[in-house]
Amino acid sequence: MEVPLRPLPLILALALALWATAAAQETTGGVRGRLHSAATGAVPSAQITATSPDLLGERRTRSAADGVFQFALLPPGNYALRVAAIGHRPLVIRDVAVRLGQITGLGDVALEPAAVELGELSITAPTVTLDPVRTTIGATLTTEDLALLPGERDYKSAIAILPHVNTSYHGDPVNAGGSTGLENMYFVDGMNVTSELNAMTGTSLPYNFVRAVEVKAGGYEAQYGKALGAVVNAVTYSGTNDFEGQVFGFFTGNALSATPRSIPTLRESGDVNFDLGARVSGPVARDRLWFSAAYNPRVIRVDKELPGLGVYADKTTTHSFAGKLTWAATPQTNVTLSLFGDPTTRHHVTSPGGLQALNANPLVSREQGGGVTGSLRATIGLTQGLILEGALAYSGGREHRLPENGGDPTEPAYEDDVALTIGGGHGYSIHVREGRATGLLRATLTSGRHALVAGLEYEDARVFREFSVSGITRTDTSVWVSDVEYMKGTFHNRIPTAYGQDAWRVAERLTLSAGLRWSSEFLSGASGETAQRFPAEWQPRLGFSWQLGRQATQRLFGSYGRFYQQIPLNLSVFNYVDYIANLSLYSTDPRQPGAVPYAVIGGTTYEKDYARSIDGIEVENFDEATLGYEHLLGGTNRLTVRGIRRDLRSSFQWGWYLNGQTQIFVIGTPGRGVFSFLPPPKREYTALELALEGTWRRAQYRASYVLARTYGNYTGLYGSDYDAAMPGGNATFMSPWQAVNSTGLLPNDRTHVIKLSGAVRPVPSLALGAFLSVASGIPENDFGGSPIGTQYPPTFLEQRGTVGRTPTVWDLNMRLAYELPWRRPGQCRMVLDLLHVANPRTAVEVDPQHYFAQDTLGRQVNPNPNYLHPTVFQPPMAARLGIEVSF
């Protein structure tokens, strides 16, 4: 059956009238200023020409009646703006820094009256400016930021230096604004590269491939969406008219690291982490066709000891690459072809937790991941004020997990929670192939006092998954649970989107922004039929920016918006497919001959792949309001004060309850219909941010303090209570007994977070960079067993988040970069990274499971001897050596 797509005619008419059809994340920035003269006041109709080594050709615009001019869609880089106005001396503004996703505000630009022709006057743009429009929570990290600040090799790690973005020790990516890591979206060169299955990963590239990284964590306009966490957008290098490149290599390992504190059941040694790579770019034909190409193989190996079983190598190999062609098809048309990816293979050794491994079969596996993305993007300048963009893209990925060395995936794993042992076979296998096809266009129109953006987009996210599991768990002295499952199918989420946004200069100092985003999501099951519709995700966006005091030195700004999360296909995979699921309870070991179950929960086959649509429900979404103030201090420093409030409106998930001994599955929104046995989902994020950034003497720095509270009963797409990437299946918010005590401080609540990062060059050949963070500990829980006699879904024995907190954590990372004397053209830079300097290796997570089971009288039994014992520690101090040769 075809998926019905019924965007409202009004939306289509508006979008077509504005020459649009869709956009992904941007790959450009902009500039805005105001021309004035002592003789004439505002200077209208002046010709402004933008040139840069990073721009094919040149871009032109004219100033409006009030003297304001604006450039949109400029590739990031340093620009020169040439101003020509009748009756005025020509002016060149040099070193105008265009940053990804931002408008560089130049404020008032004074022109000199001239009765006769005079030579060109040159001025330099300020290094720190106020964006006159932006209300976005987030920032842009430049090439210099990535090169001078310490961190992991993947560009995504650098975003942790920003306010509201915190490292998670639960196993998910960084958490932004109270959301979990699965609520982030990752883009490279404007194309979505987030995992379609569970949103756990995005394409990994070393920072040497990346020119800029833009992070949006809220407060953004209608053209952006799909995420409740951070929207991370990286732009790779493009070519220029000059041939240039870089060869690099980095190494760290056990010999350069302190001894880690780890759980005693998994000792690690022999750590080796190295990568070698190269990047080159230049002209194929000057001013017409540029190229860029990069390749970086990386190997991470850790020897892990399973007590009593020996040492096993946990080895990951990644082949990252990126290539780009940029073609000036006409003076007004640029076409860009991008290809990048990160195919990865891992020989994975997992921890048995608090159990003693009898053999290695359940704990070792071979995993294949990563993927490849290709895109074709065109930008067409129809007039000086109207620009069209269009793109086609496809990404393909994989997530395979099989027994190591060809073991039998059907042999069950055996876990004994009484004897605290694990053994048997591997117990599972997973084959996943992911894909995303996207078609999009966007129109940007600057006219008079208005800057209009509108577009349409269509995306088809696809996942094929084949899964089998076979396991036996002994939960009590007389209870064994046998679990056998199998499923196979292909699933889709088809998403049409339309939006319109206007930034209106109501007055010289006041800009109002208003936009509306509409999207729908159509989930299909294994049969290909539509299983769930989310037909009208209306998302209004409002904002204002009011400049105060002297022009371009301070402003008051704020925003309101509704934001929807694109739902990963994990929910479809588990709910819109026929699969075998035998959950049988035994009073004796089921591996013994003649063993017969005394109860079977749920039957033998779930037939759930049929077309249905639950009316009146929504995917995860929230309302957000922000209010902020910015002030330029001394022309080189910017102070930001901002308040944020987010309230979750709804979620969409599955759960279950017992009807006698029968397991009843439900799907929908907690608090409604068949899910009324739980309260409505709740997650509140309230924060106050103080931030200061700029330059001081020879140093560049960022400093921030965030006072925040994350409160509710719903953690998000990631199950932070049990460190599980199971979007739509939250283990601590799915069953009736979790209506009690489940509301409180959520796992990523950190009351106080202080961050300081910066870099300084004491001499031209030496650079020092550092990043320090100090954060409150996270709340702890007290979980007991469930009424069915198993550990999951757990019972809250105390109110969520009231058992205590883990200790306050601090982390210091440093970088020393020294440029060697180099007689030939180019530069040779030696890099020493000191990670987690003098780290106390504090416990950052503890075991919340107090009891493993509940008996028939409702008493908690089988206590966990490791309750509240540390399970995760901060990583130890380590050093990494690197060399970068640029030419």
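Which whole-number percent gives the relative contact order of the stretch 53-207, counting Cα pairs below 8 Å spaced six or more residues apart? It comes to 13 percent, rounded to a whole number. Accessible surface computed residue by residue for the chain, with neighbouring protein chains in place and a 1.4 Å probe, gives 38 Å² per residue. Report note on the peptides 248-255, 586-593, 748-755: ranked by the mean count of other C-beta atoms within 10 Å, highest first, their order is 748-755, 248-255, 586-593. Which lysines have a Cα less than 20 Å from the Cα of LYS682, not counting those fewer than 8 places away in the same chain? Leaving aside lysines fewer than 8 places away in the same chain, those within reach of LYS682 are LYS226. Highest mean packing comes first when the peptides 453-462, 210-219, 689-698 are listed by Cβ atoms within 10 Å, giving 210-219, 453-462, 689-698. Taking a ≥ b ≥ c as the square roots of the eigenvalues of the alpha-carbon gyration tensor, the stretch 279-397 is classed prolate because a/c is 1.5 or more and a/b outweighs b/c.
Gain in length, TYR818 to LEU857, computed as 0.36 nm per residue apart minus the alpha-carbon separation, to one decimal in nm?
That pair, TYR818 and LEU857, stretches by 7.2 nm at full extension.
Under 9 Å from the Cβ of ASP833, count the other residues' Cβ atoms, weight Lys and Arg +1, Asp and Glu -1, and hand me the total.
Numbers: positive: ARG815, ARG880; negative: none.
With Lys, Arg at +1 and Asp, Glu at -1, the neighbours total +2.
Among the listed pairs LYS315/LYS755; LYS216/LYS324; LYS324/LYS755; LYS216/LYS315; LYS156/LYS755; LYS324/LYS488, those whose Cα-Cα separation exceeds 28 Å are LYS315/LYS755; LYS324/LYS755; LYS216/LYS315; LYS324/LYS488. The relative contact order of the chain comes to 10 percent, based on Cα pairs under 8 Å that sit 6 or more residues apart. In the stretch 143-249, what % of DSSP beta bridges are antiparallel (nearest 5)? Counting only bridges with both partners in the stretch 143-249, antiparallel ones make up about 75 percent. Solvent-accessible area of the chain (1.4 angstrom probe, protein heavy atoms only): carbon and sulfur portion equals 60 percent.
Prolate is the label for the chain, because the ratio a/c of its alpha-carbon gyration tensor axes (a ≥ b ≥ c) is 1.5 or higher and a/b is greater than b/c. Working from Cα pairs under 8 Å separated by at least six residues, relative contact order for the stretch 441-572 is 19 percent. PHE209 sits among other residues whose Cβ lies under 13 Å from its own Cβ, and their net charge, with Lys and Arg +1 and Asp and Glu -1, is +1. Taking the alpha-carbon centroid of each part, what is the distance from the stretch 466-544 to the stretch 45-84 in angstrom? When both Cα centres are located, 39 Å separates them. The distance separating the Cα centre of the stretch 690-705 from that of the stretch 608-687 comes to 34 Å.
Electrostatic tally near PHE251: other residues with Cβ closer than 10 Å to its Cβ, Lys and Arg +1, Asp and Glu -1, net 0. Within the stretch 94-165, none of the trypsin sites (Lys or Arg not before Pro) combine a DSSP coil assignment with at most 13 other C-beta atoms in a 10 angstrom radius. Each part gets one Cα centre, and for the stretch 428-446 versus the stretch 111-173 those centres are 27 Å apart.
The values are calculated or read from the model by the stated rules, or taken from the named source; none is laboratory data. Since this is a predicted model, take the numbers as computed values, not measurements. No Cβ is skipped: glycine too gets one built from the backbone with ideal geometry, and neighbour counts run over all protein chains shown. Side chains included, ligands, DNA and RNA excluded: accessible areas come from the protein's heavy atoms. Shrake-Rupley method; radii C 1.70, N 1.55, O 1.52, S 1.80 Å.
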